[in-house]
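Chemist: I have a structure here, written as structure tokens, and I will follow up with some questions on it.
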Amino acid sequence: MSGRALRALAGVSVLGAVHAALNMALLRRPPEEPPPVRRPVTVVLPVRNEERHVGACLATLLDQRGVPDLRIVVVDDGSTDGTAKAVREVPDPRVRLVTADPPPPGWLGKPHACATGVAAAAPGDDGVLVFVDADVRLFPDALAAAVAVLDRQGLDLVSPWPRPLAEGLAERLVQPLAPWLWATTLPVRLAERSRRPSLSAANGQFLVLTARGYARAGGHAAVRSEVVEDVALLRAVKRSGGLGGPIDGSRLAACRMYEGWAELREGYAKSLWQAVGGSPAASVAAAAALTAVWVAPPAAALRGSRVGLLGYAAGVASRAVVAARTGGRVWPDALVHPVSVLLLDVLMARSLRGRRRGTLTWRGRPLAAAPRPRWVTMDR
């Protein structure tokens, strides 16, 4: 690599660190003492074989403060374990269990389950809709605080990013990359006020929307076939004239998204091809850019390059500042940031290969396969 190219890559890494630090300073923080919510709040909790998690998730939902008009619709999406039984054992009239039919042609499971829950709840135009995953644990003021940001800023959607819980080497290497990616590349305040769908980041683990904005965007029917339905829903909201984006959720919720390498590998395989790029060519380009900026300079640093060392230090700094702001583990995890990016490349290759072959599945269901694109294969 030429010295000029290395200086350019290290410079991009430095700019990324500065941008991440600015984003984390500007990321909206929910109020510590939110006011009571004066309108109905409907939580839709889609579940499929979540016997381990659904009880604990419901307990934290029912423990919410400042939400006097709260309804929780649990949508059993074809579970074959004791999920439904665990829900029925919750003795609270605010909880309602509904069973989703099999997804119709053209629908993926989660968007269909979410749409089923909204239809069952029939929220009014003045209400708030919340979508939560079963592995999320909300803190007592989570709903009231999220609604406070929604109302005070005049937004249609907020995505409080839960504090990431990661155990074991694979989780600690990969899981912090999700907030790091948007924090490093997306101008969060500009994106929040922009109606450009391309300026979107969201996390389906915890989404809060106005019922009016959700309906105007077409609801989950507008994203029925999207694997990354959370980002697609925000884009639909923006296309319909709404506003929204991620906010600090580290004091509102926590989530251990995948437990162990096997779950993590399969979970990222199903969606990474769409989450980073959205097409084979764009995904390959994104992976190449990430590797060039955050792996090439550290590799040069190992050969004694001071410029490479600067690029490596900037990458570590960006990872550290995002982890500190989002509630993740900072040290020593940030020091192995280049290894995290390389592991993301491995997961990307697996995701693209599965997409090309039409073999991607999730929770026992195949993901709809598009016609095979013509592109250079990565698995020669």
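Chemist: Straight-line reach from Lys110: which lysines have Cα under 17 Å away, leaving out those fewer than 8 places along the same chain?
Modeler: List returned: Lys270.
Chemist: Related question: Would you mind computing the Rg to Rh ratio of the chain from its alpha-carbon coordinates, Kirkwood style for Rh? Display every interim value, and only then the final one.
Modeler: Details: Rg = 20.7 Å, Rh = 21.4 Å.
Rg divided by Rh gives 0.97.
Chemist: Just to confirm a number: summing +1 for Lys and Arg and -1 for Asp and Glu over residues other than Phe131 whose beta-carbon lies under 12 angstrom from that of Phe131, what do you get?
Modeler: Around Phe131, the surrounding residues sum to -2.
Chemist: How compact and how long is the stretch 82-199, expressed as Rg and Dmax of its alpha-carbon atoms in Å?
Modeler: Gyration radius and largest Cα-Cα distance of the stretch 82-199: 17.6, 45 Å.
Chemist: Looking at the square roots a ≥ b ≥ c of the eigenvalues of the Cα gyration tensor of the stretch 37-125, which shape do they give, rounded for a/c under 1.5, prolate if a/b is larger than b/c, or oblate?
Modeler: oblate
Chemist: Right, next: Whenever you get a sec, line up Lys238, Lys85, Lys110, Lys270 from highest to lowest accessible area (probe 1.4 Å, protein heavy atoms).
Modeler: Values: Lys238 5, Lys85 125, Lys110 60, Lys270 35 Å².
Reading off the accessible areas and sorting them downward yields Lys85, Lys110, Lys270, Lys238.
Chemist: Specify the angular offset, from 0 to 90 degrees and rounded to the nearest 10, of the alpha carbon long axis of helix 109-121 from the longest principal axis of the alpha carbons in the chain.
Modeler: 30 degrees
Chemist: Right, here's the next one. Let me have the relative contact order for the chain, percent, based on Cα pairs under 8 Å that are six or more residues apart.
Modeler: 22 percent
Chemist: Heavy-atom accessible area per residue, the stretch 227-380, 1.4 Å probe: how many Å²? Kindly include the intermediate steps, with their values, before the conclusion.
Modeler: On the way: 6880 Å² over 154 residues.
Accessible area per residue: 45 Å².
Chemist: For the chain, with all protein chains present and a 1.4 Å probe, just round the carbon and sulfur fraction of the accessible area to a whole percent.
Modeler: Taking all protein chains in place, the chain shows 57 percent carbon and sulfur surface.
Chemist: Using θ = phi - 60° and the Karplus form 6.51 cos²θ - 1.76 cosθ + 1.60, what ³J(HN,Hα) does each residue of the stretch 68-73 get, whole Hz, x for Gly and Pro?
Modeler: Per-residue couplings from phi come out as x, 10, 10, 10, 10, 10 Hz.
Chemist: Quick check of the Kirkwood formula: for the stretch 305-349, what is the inverse mean of 1/r over all pairs of different Cα atoms, in Å?
Modeler: Kirkwood hydrodynamic radius for the stretch 305-349: 11.2 Å.
Chemist: Over the stretch 117-207, with the other protein chains present, what is the accessible area per residue in square angstrom, probe 1.4 angstrom? Walk me through the numbers on the way to the answer.
Modeler: Details: 2970 Å² over 91 residues.
Value returned for the stretch 117-207: 33 Å² of accessible area per residue.
Chemist: From the Cα gyration tensor of the stretch 185-240, with a ≥ b ≥ c the square roots of its eigenvalues, which class applies: rounded if a/c is under 1.5, or else prolate if a/b is larger than b/c, or else oblate?
Modeler: Prolate, since a/c reaches 1.5 and a/b exceeds b/c.
Chemist: A follow-up question, please. Across the chain, where is the longest run that never hits GluC sites (Glu not before Pro) in a DSSP loop with at most 13 other C-beta atoms within 10 Å?
Modeler: 168-380
Chemist: Let me know the shape class of the stretch 236-292, please: from the alpha-carbon gyration tensor, a ≥ b ≥ c as square roots of the eigenvalues, rounded when a/c is under 1.5, otherwise prolate if a/b is greater than b/c, or oblate. Write out the running numbers ahead of the final one.
Modeler: On the way: a/c = 1.99, a/b = 1.08, b/c = 1.83.
Oblate.
Chemist: Over the Cα atoms of the stretch 1-61, how large are the radius of gyration and the largest Cα-Cα distance (Dmax), in Å?
Modeler: Radius of gyration, then largest Cα-Cα span, for the stretch 1-61: 22.4, 61 Å.
Chemist: Follow-up question, since we're still on this one. Check cross-link reach from Lys238 to the aspartates and glutamates: straight Cα distance under 15 Å, and skip same-chain residues fewer than eight apart.
Modeler: Of all the aspartates and glutamates, those that pass the test against Lys238 - Cα under 15 Å, at least 8 places apart if same chain - are Asp156, Glu192, Glu229, Asp230.
Chemist: If you place +1 on the Cβ of every Lys and Arg, -1 on the Cβ of every Asp and Glu, and leave all else neutral, what size is the dipole of the chain about its Cα centre, to the nearest 20 Debye?
Modeler: Roughly 1420 debye for the chain.
The values are calculated or read from the model by the stated rules, or taken from the named source; none is laboratory data. Please read these numbers as outputs of a predicted model, since none were measured by experiment. Glycine gets a Cβ as well: all are built from the backbone with ideal geometry, and neighbour counts include every protein chain shown. For accessibility, only protein heavy atoms count, side chains too; no ligands or nucleic acids. Shrake-Rupley method; radii C 1.70, N 1.55, O 1.52, S 1.80 Å.
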